[in-house]
Structures are given as structure tokens and as C-alpha cells.
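Asker: I have a structure I would like to understand better, so I am pasting it below and will then ask my questions one at a time.
The numbers here are math on the coordinates, done by the rules we state, and not lab data. For clarity, every value in this text was computed on a predicted model and none was experimentally measured. So basically every Cβ, Gly included, is an ideal-geometry build from the backbone, and we count neighbours across all protein chains shown.
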Amino acid sequence: MFRNLLAHPVRTVLTGGSVLLAVFLLCFLRATVTALTSSVEQASTQRLWVQSAVSLLVDLPLAYESKIKQVDGIEWVCKWQWFGGYYKEESNFFAQFGVDPETMLKSYPEMEIVSGSYEEFAKSRTGCMIGLDLQRRYGFKVGDRVPIVGKIFPRKDGSPWEFEVKAVYRTTSAAIDQGTLYFPFDYLRESIEGGSAWGDVGIGVFLVKLRPGADPTRVAAAIDLLFDRGPQRVQTTTEAEFSRQFVSMMGNVPLLLQSIGGAVLFAIFFAMLNTMLMAGRERTRDIGVMKALGFTDAVVFRSLLGESLLLCLLGGGAGAGLAKLVEAGLQRVMSAQFPGFAIDAATVGVGLGAALVIGTLAGLGPGWRARGLTPVAALREGI
Amino acid sequence: MDHLIDLRGVTRAYQRGGETVSVLDGLDLQMDAGSFYALMGPSGSGKTTLLNLIGGLDRPDSGEVLVDGTDLAHLGGSALSRWRADHVGFVFQGFNLLPVLSALDNVLLPLQLTPLSRRARHEQAERALALVGLGDRMHHKPRELSGGQEQRVAIARAIATDPTLILADEPTGDLDRSSADAVLELLARLNEELGKTILMVTHDPLAASFAHRLVHLDKGRLGRIEDNPERRPTAGRPA
């Protein structure tokens, strides 16, 4: 089989190369889709999100916090406010949230501090905690002052906000990204109330941590009921549902990516089938010789099928290997939009599985044709 | 002498352009073990079809094809493949070596179907190549050999498994005279020294002159069988 592949090196390299590219692309797309959906799959059932029933873009009154805390089954509430600024230039965009430091970290046992001190962050007024990806991307270190230009909450003197890096975190869950900057919400509130910044004091979402054993559905219903008569109605969802809404805001991206991957595989299947049909036809005489020598139809069939599988697995293996090789680089590029992007074993398995399926399907036709040829017909046809 | 080949009432017809063309028409023929036969006749007389039937490459429409006591018409596909591997060596006009394999690997090909160890297979293949005088060219690919050398590799492949019967279809048809003579000398030696039964289809009277017996076919029927009174001497045997 190897020698047959080597008999036409250019064709083998081109066909194997197309399988390589297809499997590489498949691994990349699958990792992207997995990163998108894993935030939903890995979301905690112990956290609820309370947002405006109108839109995520509409803030809730600050006073809602104390009312929410009164609902039975809640351990604590953490305020989250979207800041929407940028670092030096607008192209340097990443997420920033004003939060309650005292409840933020304990709401997320999936987060751990890798440098600096969370306590320092919690007690500071202008400190911030950044994700590991953000540190890698911009080289921020503990003690650095990070200037952020506020777009929603600009400072009245036109200067950027400054946050001192007090802690760097990493996560073990795809539900939380490592590219976010968290700072104390009170710093934002005091700045607005003190007149040094524009904007309104409000809360984008309240994160609700449930008591162990509390029923998320019942608690969510109770919170919604609390504000059923206004002044502003709320919508309480589980973290999974909240993440799903966030993903759906991008349109049906997973379906689009899967469709692209499917189309590429379909095209490669036809390229592979064409190669194998050519190989089968070119070797009709050789097939006749093998049959004349006593090789059975089954052996001849397996020979062509095996050749197709070998070519696809070599190309597919190289494609999956390449994806794994450049994984770290891709993660750096993708982490801001797709936290949790990874070429994991399952993705490699899917890539190799696709190559296996293409190889099998592309080899079946030529193999079946060769199997059905009589030695005389094959020898005569191959002249 | 026993009949190695016994054909009884063999008929074979093909469909060509919607017409049925009879190629062999009730052929009866017996051939002895250990002889060298030349099968002669004009184009379309059924020589190659007969060779294919005796070699188990094709099946008769009716009649019996008995080779060494086995009725080939009643063997299934896989059994017939195994029978070919065990009993027949083929030599084709166009050599039909696999171009991607070396001479040695081409000769090893039929040996893969034997229960021999890898080492024994290699020894046997190398012996066969040495016998045809190509022991020093075994690692060459077919395209690196002359036509005569290619045909000698094909003969080495045909004898590698030590078959009872060697079937050669115009083995010198693509060769110049001197290469053709060398190949025919080799076939004659295999017949004389190793006792192989050889059935060779040929148009060429010079090629036929190496055979013991001449079988003439005409329009699918047996013409005559005659001893070859003018058999050519080989290197080891006087005329």
C-alpha cells in the first residue's frame, strides 16, 4: 500500500495535504464550537443571574440588592456592572466589570489566584484582579497601573481610570474566561456619586449564590415575583441559561461553524474518492495480475480500501497533529473571544474519526469495483 | 503417462455488441504431465480462452475442465483463487510485473499466499531469480530492466511457488529475437530439468519449435495434435 502511494508522490502529497487541511480546519472549528458551548455546559447550577426583564443593556436599581438578599435560599449576592472601557486604544478591548470583591471570588471556586493577593484586591479601592490571558496578552504584572478609558463611564477630567493590578487569576472552568479585569464596584459608584465621572449608578446583573440544597427554579421564581409589580421587572436565570443567551446573541454561530466544517469534509471526500477511483483504474492490470496469482477478491478489496484509509489517516493524523502543535498560538489569539479554546483529545479523536470515515467511504467504491472484476476482464481492461 | 489436463466438451462464448460469439465449441483435449505444449492457431481461434480456462482464470459455459483431477468448473471463487496459487504459474505477453515493486518483491508476491516463513519465502524467491539468471538484478524495478529481463522475472514469479503447470500466453510476443530465444530456452530448461508441464500460446513457429507437442486450434475446435519433429536443441540438450 505504501509503495502504491509512493508511486504517485505528487498526487499522494496533494490529496494527503487536502485531508490534512480539512482535519486541521475541523479541529479548529470544533474547538471553537466546544469553547462556545462549554461555557453553557460547565455553568454552575448554584449560581443565578438576575437581570432586567427588558434587556441585559438596561441597568437595575442598586436598591434591589437588599431585597434579593431577603429571598429564602440565598447565601449571598454579588453586584456586576459592565464597564465597557478600553486600554489605551479602542482596539485593545477586553471585558471589565465592577464587582463586590468580598463575594466575587468565593462565588467562583473554579477561580484561583496565581500571583498577587486577593485580600489586597478586596481591601483596595482602586485595585483590580486580571485574568492570566490578559497578563499574557499585555504583560501586566502585579503592581502595574492599568489605564482604562471609560466609554460608558468617562471621567469628567478626560483622564483614563487607573486600576492597580493586585491579583492575577486563572480558572479551571470554561464558564469563566481568563481575559477579564475586575475592579471594586464601589470605586465606580463613589466616582459617579462624587461627581468625578459621568454615568448612572446601576447594576447590570446581580449574581446570586444559592445555599446548598436550595432549589434554583424556586428561588428564581421567588426573585422574579419580588419585582413583578415594578418599578422594574427582572428576569432570573440559571448561569447555564444566562450563558446560553449570551451565546445566542452571536446568532447561531455553532451551527454556522459546524456547517462550514461539514462542507469542507464533503468536498474533501469527493477529492479523495476521485483519487482512489483514479488509483483503482490505473491499477486494473495489477489487480488482474494479483487475482491471476491467486489473491482472492477479498484481499484485493482490502488492498484498495487499506490504501485509501492509509492516505486519509496519514493526512488526518498530520492535520490533527498540526492543530495540536499550534494549539498554544491559537489559544493566545482566540482566548479573548473564546475562553476555554483547546484542541482536546476528543477534538483530535473527531478529526481522526472524520479522516477514517472519509478513507473508508472513498475506498469502498474502488475496492468494490476491483473485487468484482474477473482476472480476465481486469487483465484485458488494463492493457 | 497420466493426463494432467483433461477437457471434455468445453464450450465458451462471449457477448460482443449484442451478439453471442462462440469461442470454444465442444472442445475435448488431453495433455500429459511433464510435457511442453505449444498451442497454435490463427487469431480468434480460442487459444487464450483455452489457456484461461485451464488456468482457472475463466469458467466454461459447459463441459469439464479437469486439471490434476480437480474440476475447475465446480470450484467457488476463493477456492479457485487458492487453486491457482497452488497449481499454476502464469507468464503473460506483456510481462505484467507490478511496476512499484522490485524484481524480488514481484517474485515474492505469490509466495505471500504460502505458509512459508518470511525467511523461507525470501530464499525461494532469490533461488527463482538466480535460476532465471537475474540474481544480481533482484532489487531493480521493472522499468530498470530490459524486456527480456522483465519476462525472466515474470518466469521466476511463475515458478516461485513450484507449481505443477506453467501457462504462458505469447511469452515472446513483445521481445526481440535474441531475448525471445533466451526466454524460450529458459522455459525448455524448466520443463526438462524441473519437470514442469508447460502450455504456451504462440503464433511464432520458431517459438513453437521449443515444444514437444503442437496443439492446433481452429475456430474453437481442436485441429490436430502432433509431436514436434523439429524440436530445437537447448543449451543442455541435443536436438
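Asker: Could you let me know the centre-to-centre spacing of the stretch A:198-217 and the stretch A:343-375, using Cα atoms, in angstrom?
Answerer: 51
Asker: Please work out the Cα center distance from the stretch B:73-92 to the stretch A:7-36, rounded to the nearest Å.
Answerer: 43
Asker: Among all the aspartates and glutamates, which ones have a C-alpha under 12 Å from A:K88's C-alpha, if same-chain residues fewer than 8 places away are not counted?
Answerer: Candidates past the 8-residue exclusion: A:E162.
Asker: FRET efficiency for A:V58 and A:E282, Cβ-Cβ distance as r, R0 = 60 Å, nearest 0.05? Before the final figure, lay out the partial values.
Answerer: Working: r = 68 Å, r/R0 = 1.13.
Efficiency for this residue pair is about 0.30.
Asker: Using the Cα atoms as the points, what is the convex hull volume per residue of chain B in Å³? Numbers along the way, then the final one.
Answerer: Details: hull volume 32.4 nm³, N = 239.
Expressed per residue, the convex hull around the Cα atoms of chain B is 136 Å³.
Asker: Mind checking B:51-62 for the average number of partner chain beta-carbons within 10 Å of each residue's beta-carbon?
Answerer: Per-residue shielding by partner chains comes out at 2.
Asker: Using a basic spin-label model with each label point 7 Å from the Cα along Cα→Cβ, how many nm lie between B:D162 and A:Q232?
Answerer: Result for the modelled spin labels: 9.7 nm.
Asker: Additional query: As a check on your grasp of the helix formula, calculate [θ] at 222 nm for chain A: sum -39500 (n - 2.57) over DSSP H runs of n ≥ 4, divide by the residue count, round to the nearest 500.
Answerer: About -17500 deg cm²/dmol.
Asker: Counting other beta carbons within 10 Å of each residue's own, what order do A:V289, A:V13 fall into, fewest first?
Answerer: Values: A:V289 27, A:V13 13.
Fewest-to-most ranking of A:V289, A:V13: A:V13, A:V289.
Asker: If each Cα of the stretch A:59-231 is one equal point scatterer, what is log10 of I(q)/I(0) from the Debye formula at q = 0.10, 0.18, 0.20 Å⁻¹?
Answerer: -0.40, -1.18, -1.35
Asker: Over all residues in B:96-106, what is the mean tally of Cβ atoms on other chains that come within 10 Å of each residue's Cβ?
Answerer: Mean shielding count: 4.
Asker: Report, by chain and number, residues whose modeled amide H sits under 5 Å from the one on A:V146, excluding near sequence neighbours (fewer than 5 apart, same chain).
Answerer: A:F163, A:E164, A:V165
Asker: Among A:V264, A:V208, which comes first, then next, by fewest other beta-carbon atoms within 10 Å?
Answerer: So the residues, fewest neighbours to most, are A:V264, A:V208.
Asker: Which residue, chosen from A:G317, B:L80, B:S43, occupies the Cα position most advanced towards the positive end of the dipole of the protein assembly as shown, where the dipole is computed from +1 (Lys, Arg) and -1 (Asp, Glu) charges on Cβ about the Cα centre?
Answerer: Of the candidates, A:G317 comes out farthest on the positive side.
Asker: A follow-up question, please. What percent do you get for the relative contact order of chain B when only Cα pairs under 8 Å and 6+ apart count?
Answerer: Averaging sequence separation for qualifying contacts and normalising by length gives 26 percent for chain B.
Asker: Given the pairs A:K69/A:K166; A:K156/A:K209; A:K106/A:K141; A:K291/B:K219; A:K79/A:K151, which are separated by over 31 angstrom at their Cα positions? Let's see the in-between values first.
Answerer: Working: A:K69/A:K166 29 Å; A:K156/A:K209 35 Å; A:K106/A:K141 23 Å; A:K291/B:K219 28 Å; A:K79/A:K151 20 Å.
The answer is A:K156/A:K209.
Asker: Once label points are set 7 Å from the Cα along Cα→Cβ at both B:K141 and B:R221, what is their separation, rounded to one decimal in nm?
Answerer: 5.1
Asker: Additional query: Could you give the nm distance between label points at B:N228 and B:D68, where each point is 7 Å from its Cα heading toward the beta carbon?
Answerer: If labels sit at B:N228 and B:D68, their model points lie 2.3 nm apart.
Asker: Helix B:147-159 sits at what angle to the longest principal axis of chain B, using alpha carbons and giving 0 to 90 degrees rounded to 10?
Answerer: 80
Asker: Could you work out, residue by residue across A:280-292, how many beta carbons of other chains sit within 10 Å of that residue's beta carbon, and then give the average as an integer?
Answerer: Partner-chain Cβ atoms within 10 Å, mean over residues of A:280-292: 4.
Asker: Which of the DSSP-defined H helices in chain A satisfy a minimum axial length of 20 Å, computed from C-alpha atoms, and a minimum mean Kyte-Doolittle hydropathy of 0.5?
Answerer: In chain A, the long hydrophobic H runs are A:9-41, A:253-282, A:297-325, A:345-372.
Asker: Can you give the translational diffusion coefficient of chain A in µm²/s, computed by Stokes-Einstein from the Kirkwood radius over Cα pairs at 4 °C and 1.567 mPa s?
Answerer: Value of D from the Cα-based Kirkwood radius: 53 µm²/s.
Asker: Over the stretch A:174-237, what relative contact order in percent results from Cα pairs under 8 Å that are six or more residues apart?
Answerer: For the stretch A:174-237, the relative contact order is 15 percent.
Asker: Also, I was wondering about something else. I need the calculated FRET efficiency for the pair B:T114 and A:V326, taking r as the beta carbon distance and R₀ as 60 Å, to the nearest 0.05.
Answerer: 0.80
Asker: Evaluate the relative contact order of chain A (contact order divided by residue number), counting alpha-carbon pairs under 8 angstrom at least 6 apart; express in whole percent.
Answerer: Relative contact order for chain A comes out at 29 percent.
Asker: Whole Å is fine, so just give me how far the alpha carbon centre of the stretch A:118-164 lies from that of the stretch B:15-54.
Answerer: The two parts, judged by their Cα centres, are 94 Å apart.
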